[in-house]
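The structure appears below as structure tokens.
Coordinate-derived values only; no laboratory data. Note that the coordinates shown come from a computational prediction; the quantities given were computed from them, not determined experimentally. Cβ sites come from the backbone with ideal geometry, for glycine too, and all protein chains shown count toward neighbours.
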Amino acid sequence: MAPVVRFAPSPTGFLHIGNARPALLNALYARRERGRFVLRLDDTDTARSTAEFAAAIDEDLGWLGIVPDLRVRQSDRIALYDAAAERLRRAGRLYPAYETPDELERRRRRQLGRGQPPIYERAALRLTEAERAALEAEGRRPHWRFRLDPGPVTWTDLVRGECHVDAGSLSDPVLVREDGSYLYTLPSVVDDAEMSITHVIRGEDHVTNTAVQIQILSALGAPVPVFAHHNLLTTASGEGLSKRLGHLSLRGLRAAGFEPGAVASLAVLTGSAEAVRPVADLDELAGLVDLAHVSRAPAKFDEHELEPLNARLVHAMDVAEVAPRLAALGIDPAAAAPFWAAVRANLVRVSDAAEWWRVVRGPVTPAIADPAFAAQAAALLPPEPWDGATWKSWTEAVKAASGLKGKALFLPLRLALTGLDHGPDLAGLLPLIGRARAEARLRGEAA
Ligand code: GLU
């Protein structure tokens with residue numbers, strides 16, 4: 001049976017590099033196994049979810065090359081959660097509890113003070129009808145807890161192997177708030193069951209939820225999907241990546257000029273068995289991702305690796321691939337092919353090409369230490385048309401006339417022609433600069 005996976009972000013912020021990991025691990029799994037990828041917006045937190053963030057999630061996934069086969073949002077599916085909650089109530093697995101957050105906190109501190117684990121000890125289950133009625137008469141509204149079965153919950157995790165969680169060490173989770181709204185736990189289970197999700201691939205921060213969710217699935221009589229809990233990306237110093245790290249948001253990285261292939265490769269290959277390298281093609285990347293080989297240690301994400309990865313991708317790009325972006329940078333389409341060939345090896349980002357285009361078309365303020373030498377070189381410029389061989393024949397002539405060679409010859413010419421002491425091979429740039437500008441610059445004029 002073809003697998004069905006889902007990526008389930010909450011539209012309460014922009015996706016960042018840490019979210020790109022589960023998004024890609026799911027999408028790549030679906031690609032590799034010819035399955036389906038569902039984008040599910042976990043938007044039951046209506047106070048923090050926005051339509052703008054929802055649209056941004058789709059756009060950012062699209063930038064990475066991920067196009068969902070199906071999109072759903074939980075706010076459209078509340079009736080399903082109501083029905084499931086009702087079934088759990090009838091089965092005696094969902095019970096009302098009336099403690100306020102303050103009461104729970106005091107109780108928790110008392111337990112910790114006595115050296116006991118701070119587990120909810122089910123006082124609400126012992127309330128009599130009369131006590132419940134009295135609490136309701138006081139104006140208290142219940143929240144609803146799922147009654148866990150004590151004992152071990154086990155599953156075979158695609159990343160972590162055999163997993164055991166002792167449900168007796170957990171508090172009965174609250175599934176429904178006082179106002180009737182749902183926390184994440186139940187809707188997620190209901191959707192996974194109702195959409196026949198076969199594989200739940202998500203971060204290892206959900207391992208405990210998985211134990212609870214397996215029990216809820218069983219209580220609802222639904223099949224248990226395969227689980228895979230991948231390691232989380234941390235910063236180089238080991239802290240978790242949070243949504244506040246704005247510069248690591250996918251749109252921030254995109255605005256900074258990074259290629260989706262560089263971002264995707266780093267998000268996926270970090271903390272895997274594969275060496276981190278730029279892989280722009282998602283099918284190829286899918287072939288490299290084996291959940292069984294994802295490391296269990298935290299995956300340290302080093303954003304400084306992005307630049308070299310990006311550069312390697314850019315250096316391998318064909319002009320046809322970048323032509324529209326070069327045009328958008330103001331680069332003359334007629335010159336795009338020779339220009340790209342001349343500069344691409346010097347770029348970290350495609351957008352860096354704009355600076356070299358300025359160097360080609362000017363104005364450039366030449367840097368000239370020896371005007372006599374520069375004038376001598378100007379006088380030796382051959383007539384046009386120029387091509388890739390012009391630089392060599394011209395500099396040979398300048399070398400013969402001046403007696404200079406090596407750096408003493410080439411650096412002053414570069415400084416005069418570009419105003420810079422570094423840059424792309426001048427054999428490629430010189431024909432693009434052209435005779436008129438080259439001559440003016442060698443004579444010390446900004447051109
Ligand atoms: N909305 C949840 C999260 O972003 C989804 C977790 C899951 O995949 O079940 O953490």
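So for each of 432-445, 282-295 I average, over its residues, the number of other beta carbons within 10 Å; can you give me the resulting order with the highest mean first? Let's see the in-between values first.
Details: 432-445: 18.7, 282-295: 16.2.
So the order, starting with the most tightly packed, is 432-445, 282-295.
Rounded to the nearest 20 debye, the dipole size of the chain about its Cα centre is 480 debye, using +1 on the Cβ of Lys and Arg and -1 on the Cβ of Asp and Glu. Among 16, 304, 143, a tally of other beta-carbon atoms within 10 Å of each Cβ gives an order, fewest to most, of 304, 143, 16.
Counting only aspartates and glutamates at least 8 places from residue 392 when in the same chain, those with an alpha carbon closer than 12 Å to its own are 425. For residue 200, the residues whose amide H sits under 5 Å from its own are 226, 227, 228, ignoring neighbours fewer than 5 places away on the same chain, with H placed 1.01 Å from N. Under the simplified labelling scheme, the residue 112-residue 376 pair shows an inter-label distance of 8.1 nm, with each label point 7 Å from Cα along Cα→Cβ.
Note on the chain: antiparallel DSSP beta bridges, both residues inside, total approximately 50 percent of the bridges counted. Over the residues of the chain, the helix contribution to mean residue ellipticity at 222 nm works out to -13500 deg cm²/dmol, using -39500 (n - 2.57) for each DSSP H run of at least 4.
Distant-in-sequence amide contacts of residue 159, defined by a placed amide H-H separation under 5 Å and a gap of 5 or more residues or a different chain, comprise 229. What you get for the stretch 253-376, charging only the Cβ of Lys and Arg (+1) and of Asp and Glu (-1), is a dipole of about 260 debye around the Cα centre.
Can you find, among 363, 401, 327, the residue farthest towards the positive end of the dipole of the stretch 327-447? Put +1 on the C-beta of Lys and Arg, -1 on that of Asp and Glu. It is 401, whose Cα lies furthest towards the positive end. Rounded to the nearest whole Hz, the Karplus-based 3J(HN,Hα) values (6.51 cos²θ - 1.76 cosθ + 1.60, θ = phi - 60°) of the stretch 260-265 follow the sequence x, x, 6, 5, 5, 4, with x at glycine and proline. Modelled spin-label separation between residue 136 and residue 119, with each label point placed 7 Å from Cα along the Cα-to-Cβ direction: 3.0 nm. Placing unit charges on the Cβ atoms only, positive for Lys and Arg and negative for Asp and Glu, gives the stretch 244-293 a dipole magnitude near 420 debye about its Cα centre. Each residue of the stretch 432-447 was assigned a 3J(HN,Hα) from its phi angle through the Karplus expression (A = 6.51, B = -1.76, C = 1.60, θ = phi - 60°), giving 6, 5, x, 5, 4, 5, 4, 5, 4, 5, 5, 8, x, 8, 5, 8 Hz with x at Gly and Pro.
Karplus-derived 3J(HN,Hα) values for the stretch 100-108, using 6.51 cos²θ - 1.76 cosθ + 1.60 with θ = phi - 60°, are 7, x, 4, 4, 5, 5, 4, 5, 4 Hz; glycine and proline are entered as x.
Computed from the C-beta positions of residue 222 and residue 321, the FRET efficiency with R₀ = 51 Å rounds to 0.65. Given their separation in residues at 0.36 nm each and the Cα-Cα distance between them, residue 162 and residue 354 gain 63.8 nm when the chain is fully extended. Between the residues 66, 29, 46, the greatest Cα displacement towards the positive end of the dipole of the stretch 1-76, with unit charges on the Cβ of Lys, Arg, Asp and Glu, is found for 29. Positive end of the dipole of the stretch 75-174 (Cβ unit charges, origin at the Cα centre): among 137, 116, 84, the Cα lying farthest that way belongs to 116.
If you rank 69, 191 by fewest surrounding Cβ atoms within 10 Å, what's the result? The partial results should precede the final answer.
Details: 69 13, 191 20.
The most exposed by this proxy come first: 69, 191.
Counting other Cβ atoms within 10 Å, which GluC sites (Glu not before Pro) in the stretch 192-270 have at most 10 and lie in a DSSP loop? Answer in residue order: 239. For residue 411 and residue 89, a Förster radius of 56 Å and the Cβ-Cβ distance give a FRET efficiency of 0.10, rounded to the nearest 0.05.
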